[in-house]
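Asks: Got a structure for you, written out below as structure tokens; questions coming shortly.
Rule-based calculations on the coordinates, nothing more; no lab input. Everything numeric here is computed off the predicted structure, so don't read it as measured data. Glycine gets a Cβ as well: all are built from the backbone with ideal geometry, and neighbour counts include every protein chain shown.
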Amino acid sequence: MARWLVTGAGGMLAHDLLPRVEQSGHQVTALGRADLDVTDPAACEAAVSGHDIVVNCAAYTAVDRAESDEAAAFAVNALGAANLARAATRHGASLVHLSTDYVVAGAGDEAYAVDAPVAPLSAYGRTKAAGEFAVRAECPQSWVVRTAWLYGAGGKNFPATMQRLAGERETLTVVADQIGQPTWTVDLADGIVRLVEAGAPFGIWHGTGSGQTSWHGLAQAVFEELGLDPARVQPIPSSEFPTPATRPGYSVLSHEMWAAAGLDPLPDWRDALHRAAPTVLSTS
């Protein structure tokens, strides 16, 4: 039994991670934003003390807002990550740090390896890339877990938004030229626990659903889960849906680290959506 600390405990991932950790027989301390300011080094030192595993789910995730408020995003995503990493090292703890596919440029058409160069296109991506560098520099005993297109019952998410819009509009238009990997929080939570319990090698890991699709493809899959006509979801290019932050066009991440460690990667995204539907979508 290990003593776990989970920061960002009020977030969508922590909603499913906390019970998974407890079910595995570990002790867990859950600290939300009101309980721990990760930008405070002394507070991080006090919080980490007495724990064996730290999972940093705390993050500034407002991708578009970060374009005009990069300093605030940097404070949490980079400085906060550095504070927790430094504290983990001082107290002999290992750290799981959550990152994002937005650290890659997304200009190619092949899955990104864990050692591919980072080239973020947005302020959010830059702050998360800085957090990765800080964690790896300050805490050698760390797993940097990049995830993508995360959804779950514990927060606002794309599938639930598609369901709401399906009830409001006859047809929807959804971007079809951004390709990535939808990831269910339950599958990621399970992957994190498996990673830690297996004593997997420290370094960068890709914690994303297997396979790939576009936002348009994901929206159509949601409609299928709801028994609705997927043809109601019409494809558009990103140019017709401009946003303050530039998103990667192709941010599929490879899973070679899992196989190398003898572990199964996260399940296929389509299967995950089907399993998630009873809790993420209002299907009653």
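Asks: Please compute the length gained on full extension between SER68 and ALA137, using 0.36 nm multiplied by the number of residues separating them and subtracting their Cα-Cα distance.
Replies: 22.1 nm
Asks: Restricting to Cα pairs below 8 Å that are 6+ residues apart, what does the relative contact order work out to for segment 4-69? Please round to a whole percent.
Replies: 45
Asks: Taking trypsin sites (Lys or Arg not before Pro) that fall in a DSSP loop and have at most 11 other Cβ atoms within 10 Å as cut points, what is the longest piece of the chain between them?
Replies: Result, exposed sites excluded: 1-155.
Asks: Per q in 0.14, 0.16, 0.17 Å⁻¹, report the Debye log10 I(q)/I(0) for segment 83-201, using one uniform scatterer on each alpha carbon and no solvent.
Replies: Debye intensities relative to I(0), on a log10 scale: -0.75, -0.93, -1.02.
Asks: What residues from segment 163-206 fall in the zone where the backbone N is under 16 Å from a label point 7 Å along the Cα-to-C-beta line of ASP229?
Replies: Under cut-off, by backbone N: 166-173.
Asks: Evaluate segment 17-173: find the radius of gyration of its Cα atoms, find its Kirkwood radius, and give the ratio Rg to Rh.
Replies: 1.01
Asks: FRET efficiency for ASP177 and ALA261, Cβ-Cβ distance as r, R0 = 30 Å, nearest 0.05?
Replies: 0.35
Asks: Stokes-Einstein at 4 °C, 1.567 mPa s, Kirkwood radius from Cα pairs: D for the chain in µm² s⁻¹?
Replies: Stokes-Einstein gives a translational diffusion coefficient of 68 µm²/s.
Asks: For segment 1-110, which GluC sites (Glu not before Pro) pass both filters: DSSP loop (anything but H, G, I, E, B) and at most 13 other C-beta atoms within 10 Å?
Replies: GLU110
Asks: Between the alpha-carbon centers of segment 50-121 and segment 226-282, tell me the distance in whole angstrom.
Replies: Segment 50-121 and segment 226-282 have Cα centres spaced 20 Å from each other.
Asks: Once the piece of chain linking SER239 and ARG169 is laid out straight, how much longer is it, given 0.36 nm per residue of separation minus the C-alpha distance between them?
Replies: Residue separation times 0.36 nm, minus the Cα-Cα distance, leaves 23.0 nm.
Asks: Also, I was wondering about something else. How many percent of DSSP beta bridges within the chain run antiparallel, rounded to 5?
Replies: 5
Asks: Sorted from fewest to most neighbouring beta carbons within 10 Å, what does the list MET1, MET162, MET12 look like?
Replies: The order, fewest Cβ neighbours first, is MET1, MET12, MET162.
Asks: Another question, if that's okay. Is it possible to state the helix-based mean residue ellipticity at 222 nm for the chain, with each DSSP H run of 4+ residues giving -39500 (n - 2.57), the sum divided by total residues, to the nearest 500 deg cm²/dmol? What is it?
Replies: Roughly -11000 deg cm²/dmol at 222 nm, from the helical runs in the chain.
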